[in-house]
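Asker: Please find one structure pasted underneath; my questions will follow.
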Amino acid sequence: MLTAPYDYYRLLRDAGPVVRLSKYDVLGVARYDDVKTTMRDHETFKSSAGPGFNDAYNQKMQGTVVASEPPQHTEIRATMVRRLRLARLKDMQPVADDLARKLITQFLERGEFDAAKDLARPFVGTFVASVLGVSTEIAEQAIDGSTAGFNQTGPLNERTLAATPVIESLFAMMQQLTKADLVPDSIAWDILDSHERGELPFASSLSLIFNFLGPAFDTTISAMGFAAWLLATNPEQWKLLRENPELIPAVINESIRIESPLQIWSRYCPDGAVIDGVEIPANTRVAVFPGSANRDERHYANPETFDIRRNPVDQLGFGQGIHTCVGAPLARMELTSVLSAMTELIHTLEPAGEPVLQLNNTTRGFASAPVSVS
């Protein structure tokens, strides 16, 4: 199912607005309107009980931005937004542009690159490390920890269990962090400085750093790898983009729609609800499928077709409501820098072999995606 989920998603959508996934004892919503409603209604479908499918993970995530409700969530999110303010991102734009051009130039000299191994992971790791103020070594560990964190959402399987030591190693490293390990005046440095000034307890400062390090890598790496691969395997779309680089924002939305980095998440319904005429009993965990919603033929015409003229600004890949991804502006900026460099410097972009998926309980991305360029 992880390698080819889309036929399964269609079965879920056709079965009804709410389906029972008996093996995991949860209800699921897979249609666009129902997924959007569930994600937006944080008062009915809560995140404070955790977004995963096992108790250990949900307990561990308590108090983070993805597992909290107002007023706690409002305070955490406001703290993150202040540190990830637009002005700071604008200052980092030239850094992202320069890094993207350097990488693409190297690829052109070789005539090929791997969209996952050579482009997405190195670019996101290097750039986010500079934004947060951590070393590339810490960023590399955080990338592995980010992937493991999404695996830990469950349900309990081999991937979930294998992720545990990776997460424990990341937390152990974070426990040892000091300002001396960080770039002065960077986001992570500022958080630890706030702790030293008595504004944040140490546990809260670590939780806040994790809120940045955890989600900042895996999903953006996945989105970047898929954007490059989709353009390589759809030559008419690549030609259209080269002739119309102003379509880059549309490419970002369309690639995230058709290959959503976040495929599944969950909410907890403590008091019961009704979705499209179907009753949700109290104390029910609900599986939410944005990867299915973004391909719902009830909402998008020809949803299986990658069409950058579509520009689906309403795609659900970044979430909805108060839990919309805090890092979405950062991810868009990274993708814009890379796509701009590709569009400017690359003429021919073609697949150079079969891609290999990186199987994950929650996200969808490549382990490898080889392309040739000239």
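The values are calculated or read from the model by the stated rules, or taken from the named source; none is laboratory data. Everything numeric in this text was worked out from a predicted model, so none of it was measured. Neighbour counts are summed over all protein chains in view; Cβ atoms, including those assigned to glycine, are modelled from backbone coordinates with ideal geometry.
Asker: What are the pairs, 6+ residues apart or on separate chains, where a residue within segment 30-44 that is farther than 10 Å from Gly319 by Cα has its Cβ under 9 Å from a residue that is among the charged types (D, E, K, R) and part of a helix (DSSP H, G or I)?
Answerer: Ala30/Arg10; Ala30/Arg13; Arg31/Arg13; Tyr32/Arg13
Asker: Consider only pairs whose beta carbons are under 8 Å apart and that are at least six residues apart or on different chains; among these, list those whose first residue lies in segment 162-174 and is within 11 Å of Leu213 (Cβ to Cβ) and whose second residue is of a type in the set (S, T, N, Q) and surrounded by 12 or more Cβ atoms within 10 Å (Cβ to Cβ).
Answerer: What qualifies is Leu170/Gln141; Met173/Gln141.
Asker: Just need a number here: residues in segment 226-261 that are out of contact with any Phe, Trp or Tyr (no Cβ under 8 Å at 6 or more places or on another chain) and either within 18 Å of Glu304 (Cβ to Cβ) or of a type outside the set (S, T, N, Q) (or both).
Answerer: Qualifying residue count for the region: 21.
The rows are residues; the columns are (1) more than 30 Å from Trp189 (Cβ to Cβ); (2) basic (Lys, Arg).
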| residue | (1), (2) |
| --- | --- |
| Phe53 | yes, no |
| His73 | no, no |
| Arg77 | no, yes |
| Met80 | no, no |
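Asker: Further, regarding this structure: Kindly check whether there is at least one residue in segment 128-147 that is among the aliphatic types (A, V, I, L, M), modelled with pLDDT under 95, under 23 Å from Ala367 (Cα atoms) and part of a loop (DSSP other than H, G, I, E, B).
Answerer: No, because not a single residue in segment 128-147 is among the aliphatic types (A, V, I, L, M), modelled with pLDDT under 95, under 23 Å from Ala367 (Cα atoms) and part of a loop (DSSP other than H, G, I, E, B).
Asker: When you scan segment 238-296, how many residues do you find that are buried (at least 21 other Cβ atoms within 10 Å of the Cβ), of a type outside the set (Asp, Glu) and part of a loop (DSSP other than H, G, I, E, B)?
Answerer: 7
Asker: Return yes or no: is Ala180 without any contact (Cβ under 8 Å) to a residue 12 or more places away in the chain, part of a helix (DSSP H, G or I) and farther than 30 Å from Gly353 by Cα?
Answerer: Spelling it out, Ala180 is indeed without any contact (Cβ under 8 Å) to a residue 12 or more places away in the chain, part of a helix (DSSP H, G or I) and farther than 30 Å from Gly353 by Cα.
Asker: Here's a follow-up. Asn311 versus (1) under 22 Å from the mean Cα position of the chain (by Cα); (2) surrounded by 19 or more Cβ atoms within 10 Å (Cβ to Cβ); (3) at pLDDT 95 or above; (4) farther than 30 Å from Gly111 by Cβ: which is the lone unmet condition?
Answerer: Single failed check for Asn311: (2).
Asker: Then there is this: In this structure, is Ile104 within 26 Å of Ser205 (Cα to Cα), touching a residue at least 12 places away in the same chain (Cβ under 8 Å) and of a type in the set (A, V, I, L, M)?
Answerer: Criteria not met by Ile104.
Asker: Which of the numbered conditions does Ala67 fail, given that it passes all the others? Conditions: (1) in a loop (DSSP other than H, G, I, E, B); (2) in contact (Cβ under 8 Å) with a residue 40 or more places away in the chain.
Answerer: (2)
Asker: Ok, one more. Would you check which residues across segment 139-176 are among the β-branched types (Val, Ile, Thr) and either buried (at least 22 other Cβ atoms within 10 Å of the Cβ) or in contact with a helix residue (DSSP H, G or I) (Cβ under 7 Å, 6 or more places away or on another chain) (or both) and list them?
Answerer: Listed by number, the residues that qualify are Ile143, Thr147, Thr153, Thr160, Val166, Ile167.
Asker: Looking only at segment 1-37, which residues are at pLDDT 95 or above, surrounded by fewer than 19 Cβ atoms within 10 Å (Cβ to Cβ), closer than 17 Å to Glu259 by Cβ and not acidic (Asp, Glu)?
Answerer: Pro5, Tyr6, Tyr8, Arg10
Asker: Still on this structure, please answer the following. Scan segment 269-290 and report the pairs whose first residue is touching a residue at least 12 places away in the same chain (Cβ under 8 Å) and aromatic (Phe, Trp, Tyr) and whose second residue is surrounded by 14 or more Cβ atoms within 10 Å (Cβ to Cβ) and part of a loop (DSSP other than H, G, I, E, B), with Cβ atoms within less than 8 Å and a gap of 6+ or a chain change.
Answerer: Cβ pairs passing all conditions: Phe289/Ala30; Phe289/Gln263; Phe289/Ile264.
Asker: Restricting the search to segment 93-116, which residues are in a helix (DSSP H, G or I) and surrounded by fewer than 17 Cβ atoms within 10 Å (Cβ to Cβ)?
Answerer: Gln93, Pro94, Val95, Asp97, Asp98, Lys102, Thr105, Gln106, Leu108, Glu109, Arg110
Asker: Where residues in segment 190-236 are assigned to a helix (DSSP H, G or I), without any contact (Cβ under 8 Å) to a residue 60 or more places away in the chain and over 24 Å from the mean Cα position of the chain (by Cα), which of them is surrounded by the most Cβ atoms within 10 Å (Cβ to Cβ)?
Answerer: Leu192
Asker: Check whether at least one residue in segment 160-176 is outside any helix (DSSP H, G or I) and either touching a His at 6+ places or on another chain (Cβ under 7 Å) or at pLDDT 85 or above (or both), and report yes or no.
Answerer: Checking segment 160-176: at least one residue is outside any helix (DSSP H, G or I) and either touching a His at 6+ places or on another chain (Cβ under 7 Å) or at pLDDT 85 or above (or both).
Asker: Based on this model, can you work out whether Gly327 counts as surrounded by 19 or more Cβ atoms within 10 Å (Cβ to Cβ) and modelled with pLDDT under 95?
Answerer: The answer is yes for Gly327.
Asker: Every residue in segment 353-374 that is part of a loop (DSSP other than H, G, I, E, B) and surrounded by fewer than 16 Cβ atoms within 10 Å (Cβ to Cβ), please.
Answerer: Selection gives Gly353, Glu354, Leu359, Ser374.
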